[in-house]
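Asks: Take this structure first; my questions come after.
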Amino acid sequence: MLAAQEMAQLYQTAFVRSARAVGALWAVCSLCFTLLEVVVLAEPAWLVAKGVRGTEGGTLGLFRSCVETGSPARCWGSVFRLRPLPPFETAASFVGTALGLGLASVLSLGLHRFCSNATLYKVCGWLQLSAASCQALGCLTFADSWDSQEVRELCGPAAAPFSPGHCTLHWAFTLALIGIFDALVLSALAFVLASRQDTLLPENFSVKDKGDGSPAKTQRR
């Protein structure tokens, strides 16, 4: 039978190897979520129209609208001005908040020197869960704004809340929906990693100080 210290080392080694691999994957996916949010905010590709009201088509986003009346297309607005199109101000604020929360979860990884890994994962998990909620609200409020003048000029008079008229949903809106799912998965994974940190060793092991400053794992009676 292995000694208590040898068993503790085996548990420690197995956990560290798996936790580092999964944690690294989680961190990379968290960074990808943040980059995805930047694309979703910047691209005028939430709605697309073809041949509406004599135009050759156009696209509409949170900060920018483009009409293809010739080559190149005529566009209005820019994400760099931080002024979303009037109908989508609420939607843009929710998606921008989701971006901020995702960025905060990535930056908080630098706090591993000041708090335990379990606490860090829990904080990131709550941040990403909040980001998913804000992203979902952003998509809902965007669809609720389709009765605005800007949307009807591009999509026709049939446009109404949750009914885009002659327009169709474009790839940026699809990315926004993927972002919701991505943030939920990352949040769940963060909570799982936190729970694994809390159960590093079996319940019958405790940590004691050997006197030289290094911990020694002993079996509980």
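Quick grid of which residues meet (1) in contact with a strand residue (DSSP E or B) (Cβ under 8 Å, 6 or more places away or on another chain); (2) surrounded by 15 or more Cβ atoms within 10 Å (Cβ to Cβ); (3) at pLDDT 90 or above:
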position	(1), (2), (3)
Q135	no, yes, yes
A143	no, yes, yes
A158	no, no, no
R196	no, yes, no
L200	no, yes, no
F205	yes, yes, no
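Asks: Going by the structure shown, is S108 among the polar types (S, T, N, Q), at pLDDT 80 or above, within 27 Å of V28 (Cα to Cα) and within 17 Å of the chain's Cα centre (by Cα)?
Replies: On the way: among the polar types (S, T, N, Q): yes; at pLDDT 80 or above: yes; within 27 Å of V28 (Cα to Cα): yes; within 17 Å of the chain's Cα centre (by Cα): yes.
Answer is yes for this residue.
Asks: Which one is surrounded by the fewest Cβ atoms within 10 Å (Cβ to Cβ) among residues in segment 160-172 that are touching a helix residue (DSSP H, G or I) at 6+ places or on another chain (Cβ under 7 Å) and under 16 Å from F88 (Cα atoms)? Show your work before the answer.
Replies: Residues of segment 160-172 touching a helix residue (DSSP H, G or I) at 6+ places or on another chain (Cβ under 7 Å): 161-162, 164-167, 172.
Retained after the next criterion (residues that are under 16 Å from F88 (Cα atoms)): 161-162, 164, 172.
Values: P161: 12, F162: 10, P164: 23, A172: 21.
Applying the filter and picking the extreme gives F162.
Asks: Kindly indicate whether any position in segment 88-98 is surrounded by 21 or more Cβ atoms within 10 Å (Cβ to Cβ), out of contact with any strand residue (DSSP E or B) (no Cβ under 9 Å at 6 or more places or on another chain), over 15 Å from W46 (Cα atoms) and not aromatic (F, W, Y).
Replies: Yes, segment 88-98 contains a residue that is surrounded by 21 or more Cβ atoms within 10 Å (Cβ to Cβ), out of contact with any strand residue (DSSP E or B) (no Cβ under 9 Å at 6 or more places or on another chain), over 15 Å from W46 (Cα atoms) and not aromatic (F, W, Y).
Asks: So G58 passes all but one of these: (1) farther than 25 Å from A183 by Cα; (2) surrounded by fewer than 18 Cβ atoms within 10 Å (Cβ to Cβ); (3) not hydrophobic (A, V, I, L, M, F, W, C). Which condition number does it fail?
Replies: That leaves (2) as the condition not met.
Asks: Which of the residues that make up segment 85-115 are under 30 Å from R20 (Cα atoms) and not in a helix (DSSP H, G or I)? Talk me through it step by step, then tell me what you get.
Replies: Keep residues of segment 85-115 that are under 30 Å from R20 (Cα atoms), which gives 97-115.
Listed by number, the residues that qualify are H112, R113, F114, C115.
Asks: Looking at this structure, is L120 under 19 Å from the mean Cα position of the chain (by Cα), surrounded by 15 or more Cβ atoms within 10 Å (Cβ to Cβ) and assigned to a helix (DSSP H, G or I)? Walk me through how you get there before you give the answer.
Replies: Details: under 19 Å from the mean Cα position of the chain (by Cα): yes; surrounded by 15 or more Cβ atoms within 10 Å (Cβ to Cβ): yes; assigned to a helix (DSSP H, G or I): yes.
Criteria met by L120.
Asks: Tell me yes or no: at least one residue of segment 62-81 is of a type in the set (A, V, I, L, M), surrounded by fewer than 21 Cβ atoms within 10 Å (Cβ to Cβ) and modelled with pLDDT of 90 or more.
Replies: Start the filter on segment 62-81 by keeping residues that are of a type in the set (A, V, I, L, M), which leaves 62, 67, 73, 79.
Those still in the list that are surrounded by fewer than 21 Cβ atoms within 10 Å (Cβ to Cβ) too: 67, 73, 79.
With modelled with pLDDT of 90 or more added as a condition, the list becomes none.
Scanning segment 62-81 turns up no residue that is of a type in the set (A, V, I, L, M), surrounded by fewer than 21 Cβ atoms within 10 Å (Cβ to Cβ) and modelled with pLDDT of 90 or more.
Asks: Further question: Inspect all residues belonging to segment 175-186 and state whether any of them is more than 15 Å from V95 (Cβ to Cβ), in contact with a Phe, Trp or Tyr (Cβ under 7 Å, 6 or more places away or on another chain), assigned to a strand (DSSP E or B) and among the aliphatic types (A, V, I, L, M).
Replies: No, because not a single residue in segment 175-186 is more than 15 Å from V95 (Cβ to Cβ), in contact with a Phe, Trp or Tyr (Cβ under 7 Å, 6 or more places away or on another chain), assigned to a strand (DSSP E or B) and among the aliphatic types (A, V, I, L, M).
Asks: Could I ask something else about it? E37: within 30 Å of G165 (Cβ to Cβ), at pLDDT below 80 and of a type in the set (D, E), yes or no? Lay out the reasoning, then the answer.
Replies: Details: within 30 Å of G165 (Cβ to Cβ): yes; at pLDDT below 80: no; of a type in the set (D, E): yes.
Answer is no for this residue.
The values are calculated or read from the model by the stated rules, or taken from the named source; none is laboratory data. Since the model is a prediction, treat every value here as computed from it, not as a measurement. Quick reminder, even Gly has a Cβ in these numbers, built from the backbone with ideal geometry, and neighbours come from all protein chains shown.
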